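Notes to accompany the following structure.
The values are calculated or read from the model by the stated rules, or taken from the named source; none is laboratory data. As the structure is a computational prediction, the values presented were derived from the model and not from experiment. Cβ atoms come from the backbone with ideal geometry, glycine included; neighbour counts cover every protein chain shown.
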Amino acid sequence: MTVVTRFAPSPTGFLHIGGARTALFNWLYARHHGGRFLLRIEDTDRRRSTDEAVAAIFDGLSWLGLDWDDEPVRQFSRLPSHVEAAHRLLDEGKAYRCYATPEELADMRERAKAEGRRMLYDGRWRDRDPGDAPSGVDPVIRFKAPREGETVVEDAVQGTVRVANGQLDDMVLLRSDGTPTYMLAVVVDDHDMGITHAIRGDDHLNNAFRQTQLFRALGWEAPAYAHIPLIHGADGAKLSKRHGALGVEAYRDMGILPDALANGLLRLGWSHGDDEIIARDQAIEWFDLDRVGRGAARFDLDKLMSLNAHYIQQTKPHALVESIRPHLERAIGKALGSDNTDRLIRAMPGLAPRANNLVSLAESAAFYVAERPIAVDAKAARQLGEDSRSALSELLDVFDALDSWEEDKIEMAVRGFAQAQGAKLGAVAQPLRACLVGKTVSPGIFEVAAVLGREETLDRIRDALGSDE
RNA sequence: GACCCCAUCGUCUAGAGGCCUAGGACAUCAGCCUUUCACGCUGAAGACACGGGUUCGACUCCCGUUGGGGUCGCCA
């Protein structure tokens, strides 16, 4: 049997990390088993569904590297099949028309609540004579759910879960306007799409009972279910906008690499021994449902950042430069020339270990491409006192006389110079950093000088010396 | 409230009855490295929710309690 999984978001907002993780698990499971991963947009709620949300979901999945097979299915377009299934159940006596008004239903819930029972529909139209139907009221079609016995779901993550059928009521299949409800649409679509494994959030576990009953009534086999624990916010409650449940694009904007996010999401609720850093291919090879945990997890940004730092270091210099190019070009107000690009590529090995996200990487790289005279911040300016400046002007001659401009040559020269001056290395290195970088923090200063090139280095020193005179 | 699910360091987790003196990662703290900041390295602190069973032996199995979460729509 070929594995077919699906990700079925409702397009009412961006792709948040909970959805992203659900998609990731479905994708991984399909890829691991050489199966197919399908997409279904659950847009039967016409009021709340938007095209922007659909686009955001596609973008988010693509950015995360979760590619899907076949054309995405628009659930709304499958309405005829849903209606047909509902009518078939009606014909077979497995569903019935219900004329209860919203007010009646609200009353019913009110009473159930007061009496400490579940707030269920009482089935008042279940066996009633259709002749009693009030005129002028469009009925809904309800499923005639079994009242005796229990319904069992064999969940790949949660194990065997059972509920007494008395706890379940006759759900609405078709609304009074003739459109299908989620419960019906999911079942019909999962069947028609040949879904073999439904991997979704824990919040659907209760739905699985009803869906199982529906599958049975329709004479179909339900997919294998796997209800993965939800991701919680810092307060331990289901992630929502209140917790800053961000869309994946927000993480992208924070400078998170998609591989890092995927790795972080994967480790939330799934593990492989003590392994923390799991590359995509490795994840596909290792992923399976039996390693999915059962408790809800909280999302930790610190850990994501640390993972991100790792992935940044794994990324090739030129790719890193490309990913920070937009930031940099915005900062200097023009396109980066090829000379600056080359310089940045040479600078990346020194910069990358210092950054845990692309935004700070871009910020730390900015001085390399800044136009002279570069800005010098207050702390750095303090390094450029009179003594430092005179030392720097002598250093100028030393640099000028160097026969080759390489990191180790520069280092030897500066160390020798400091020693000759009877100064500590820091007394020379820090002022030098101040004029080359404009800040007191940077990669190794000899490396900086080497990457900058002799001419630029000398010019920046001269800028600093000249500015106060 | 009813039903369903869950429960190991602050956080993510390892743990399939003796391998546990409970391991790893992030965060925290200390030290080393060092021209700065990082990276890296070394070390420290830090958890089996509680109570009963079962067993020669429970973090592991069972029951209960407590706590947390989810669901109870003509939303999905």
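If the condition is being in contact (Cβ under 8 Å) with a residue 40 or more places away in the chain, part of a loop (DSSP other than H, G, I, E, B), out of contact with any strand residue (DSSP E or B) (no Cβ under 7 Å at 6 or more places or on another chain) and over 20 Å from A:ARG147 (Cα atoms), then segment A:68-99 contributes only A:TYR99. Checked against the criterion of being exposed (fewer than 13 other Cβ atoms within 10 Å of the Cβ), over 24 Å from A:LEU39 (Cβ atoms) and within 12 Å of RNA strand B (Cβ to nearest atom), segment A:171-186 contains one or more residues that satisfy it.
Residues are listed down the side, and each one gets a yes or a no for (1) more than 28 Å from A:PRO80 (Cα to Cα); (2) part of a helix (DSSP H, G or I); (3) within 39 Å of the chain's Cα centre (by Cα); (4) more than 9 Å from RNA strand B (Cβ to nearest atom):
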{"position": "A:GLU103", "(1), (2), (3), (4)": "yes, yes, no, yes"}
{"position": "A:ARG109", "(1), (2), (3), (4)": "yes, yes, yes, no"}
{"position": "A:ALA112", "(1), (2), (3), (4)": "yes, yes, no, no"}
{"position": "A:ASP122", "(1), (2), (3), (4)": "yes, no, no, yes"}
{"position": "A:ARG126", "(1), (2), (3), (4)": "no, no, no, yes"}
{"position": "A:GLY136", "(1), (2), (3), (4)": "no, no, no, yes"}
{"position": "A:GLU148", "(1), (2), (3), (4)": "yes, no, no, yes"}
{"position": "A:THR151", "(1), (2), (3), (4)": "yes, no, yes, yes"}
{"position": "A:ARG162", "(1), (2), (3), (4)": "yes, no, yes, no"}
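Using the structure shown, decide if A:ASP397 is closer than 23 Å to A:ARG454 by Cβ and out of contact with any helix residue (DSSP H, G or I) (no Cβ under 9 Å at 6 or more places or on another chain). Judged against the criteria, A:ASP397 is a match.
Can you tell me which residue is modelled with the highest pLDDT among those in segment A:211-231 that are within 12 Å of RNA strand B (Cβ to nearest atom) and in contact with a Leu (Cβ under 6 Å, 6 or more places away or on another chain)? Checking each candidate, the answer is A:HIS227. Residues that are part of a loop (DSSP other than H, G, I, E, B), under 34 Å from the mean Cα position of the chain (by Cα) and either acidic (Asp, Glu) or closer than 30 Å to A:TYR29 by Cβ (or both) within segment A:164-182 comprise A:MET171, A:THR181, listed in sequence order.
For every residue, the table says whether it meets (1) at pLDDT 95 or above; (2) under 48 Å from the mean Cα position of the chain (by Cα); (3) outside any loop (DSSP other than H, G, I, E, B).
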| residue | (1), (2), (3) |
| --- | --- |
| A:VAL359 | yes, yes, yes |
| A:ALA391 | no, no, yes |
| A:ASP397 | no, no, yes |
| A:ASP400 | no, no, yes |
| A:VAL451 | yes, yes, yes |
| A:ASP463 | no, yes, yes |
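Candidates in segment A:188-205 are the residues that are free of Cβ contacts under 8 Å to residues at least 40 places away in the same chain and within 27 Å of the chain's Cα centre (by Cα); of these, the one that is farthest from RNA strand B (Cβ to nearest atom) is A:HIS204. Apart from one condition, A:THR315 fits all of (1) within 12 Å of RNA strand B (Cβ to nearest atom); (2) out of contact with any Pro (no Cβ under 6 Å at 6 or more places or on another chain); the exception is (1). In segment A:424-444, which residues are aliphatic (A, V, I, L, M) and either surrounded by fewer than 22 Cβ atoms within 10 Å (Cβ to Cβ) or out of contact with any helix residue (DSSP H, G or I) (no Cβ under 6 Å at 6 or more places or on another chain) (or both)? Selection gives A:LEU425, A:ALA427, A:ALA429, A:VAL441.
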